[in-house]
1. Out of the residues in segment 61-79 meeting the condition of being free of Cβ contacts under 8 Å to residues at least 40 places away in the same chain and touching a Leu at 6+ places or on another chain (Cβ under 9 Å), tell me which one is farthest from PHE106 (Cα to Cα).
2. Can you tell me which residue is surrounded by the most Cβ atoms within 10 Å (Cβ to Cβ) among those in segment 61-90 that are modelled with pLDDT of 95 or more and small (Gly, Ala, Ser)?
3. Conditions: (1) more than 16 Å from ALA112 (Cα to Cα); (2) surrounded by fewer than 17 Cβ atoms within 10 Å (Cβ to Cβ); (3) touching a residue at least 12 places away in the same chain (Cβ under 8 Å). SER58 meets all but one. Number of the miss?
4. Say whether the condition of being surrounded by fewer than 17 Cβ atoms within 10 Å (Cβ to Cβ), within 22 Å of THR23 (Cβ to Cβ) and in contact with a Ser or Thr (Cβ under 8 Å, 6 or more places away or on another chain) is met by at least one residue in segment 91-112.
5. Check ARG115, ARG89 and return the single one that is in contact with a Leu (Cβ under 8 Å, 6 or more places away or on another chain), touching a residue at least 60 places away in the same chain (Cβ under 8 Å) and among the basic types (Lys, Arg).
6. Given the condition among the acidic types (Asp, Glu), more than 20 Å from TRP28 (Cα to Cα) and part of a helix (DSSP H, G or I), answer yes or no: does some residue in segment 71-82 qualify?
7. Please determine, by comparing only the residues of segment 10-43 that are of a type in the set (Gly, Ala, Ser) and assigned to a helix (DSSP H, G or I), which one is farthest from LEU56 (Cα to Cα).
8. Considering only segment 113-124, state which residues are part of a helix (DSSP H, G or I) and surrounded by fewer than 20 Cβ atoms within 10 Å (Cβ to Cβ).
Amino acid sequence: MSEPVSPKPSIVLIFDGDCGFCTTSANWIVARSKTSITALPFQWTDLESYGLTTQLASDKVWLVVGDERFGGHECIAKVALLQPNLFVRAIGRLMLTRPFSFVAAFVYRQVAKNRHRLPGGTPACKLPQK
């Protein structure tokens, strides 16, 4: 007899599980989201089943909703758009609207670049220099 296969969660947040700041942030999102989100560290996730590669997953956080993937600031915006609170959804919409999307992308890159300096961050969180 074979083991039952558990269905894939419908909304998945894929993050860097080796980074304390990323883990804390993912747990914070899951705990406060009014929409059910499953957080998975990319290091222990079958990325291919989500249409991602190790390189993509190590570059930024991802939200997978069905067959759609949102990375970086678009991931954060989509999490906001999934919430029932109108103010939070408006922030998510703003993050995807020009020229605010450029600002959101810049802020996301700066947070990612400096995550080892942020609360919960450790030297292991530092991204490799490109």
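1. Filtering segment 61-79 down to residues free of Cβ contacts under 8 Å to residues at least 40 places away in the same chain leaves 67-71, 73-74, 76-78.
Next, from what is left, pick out any that are touching a Leu at 6+ places or on another chain (Cβ under 9 Å): 69-71, 73-74, 76-78.
On the way: ARG69: 20, PHE70: 16, GLY71: 13, HIS73: 9, GLU74: 12, ILE76: 13, ALA77: 14, LYS78: 17 Å.
By that ranking, first place goes to ARG69.
2. Looking at residues that are modelled with pLDDT of 95 or more and small (Gly, Ala, Ser), I get ALA77.
3. If we test SER58 against (1) more than 16 Å from ALA112 (Cα to Cα); (2) surrounded by fewer than 17 Cβ atoms within 10 Å (Cβ to Cβ); (3) touching a residue at least 12 places away in the same chain (Cβ under 8 Å), just (1) comes out false.
4. Within segment 91-112, not a single residue is surrounded by fewer than 17 Cβ atoms within 10 Å (Cβ to Cβ), within 22 Å of THR23 (Cβ to Cβ) and in contact with a Ser or Thr (Cβ under 8 Å, 6 or more places away or on another chain).
5. Numbers: ARG89 fails: touching a residue at least 60 places away in the same chain (Cβ under 8 Å).
Selected residue: ARG115, the only one of ARG115, ARG89 that is in contact with a Leu (Cβ under 8 Å, 6 or more places away or on another chain), touching a residue at least 60 places away in the same chain (Cβ under 8 Å) and among the basic types (Lys, Arg).
6. At the first step, the residues of segment 71-82 found to be among the acidic types (Asp, Glu) are 74.
Those still in the list that are more than 20 Å from TRP28 (Cα to Cα) too: none.
Taking every residue of segment 71-82 in turn, none turns out to be among the acidic types (Asp, Glu), more than 20 Å from TRP28 (Cα to Cα) and part of a helix (DSSP H, G or I).
7. Taking segment 10-43 as the starting set, the residues that turn out to be of a type in the set (Gly, Ala, Ser) are 10, 17, 20, 25-26, 31, 33, 36, 39.
Narrowing further to those that are assigned to a helix (DSSP H, G or I): 20, 25-26, 31.
Working: GLY20: 19, SER25: 19, ALA26: 17, ALA31: 25 Å.
Of everything passing the filter in segment 10-43, ALA31 is farthest from LEU56 (Cα to Cα).
8. LYS113, HIS116, ARG117, PRO123, ALA124 - these are the residues of segment 113-124 that are part of a helix (DSSP H, G or I) and surrounded by fewer than 20 Cβ atoms within 10 Å (Cβ to Cβ).
The values are calculated or read from the model by the stated rules, or taken from the named source; none is laboratory data. Predicted model only: the values in this text are computed from it and were never measured. Quick reminder, even Gly has a Cβ in these numbers, built from the backbone with ideal geometry, and neighbours come from all protein chains shown.
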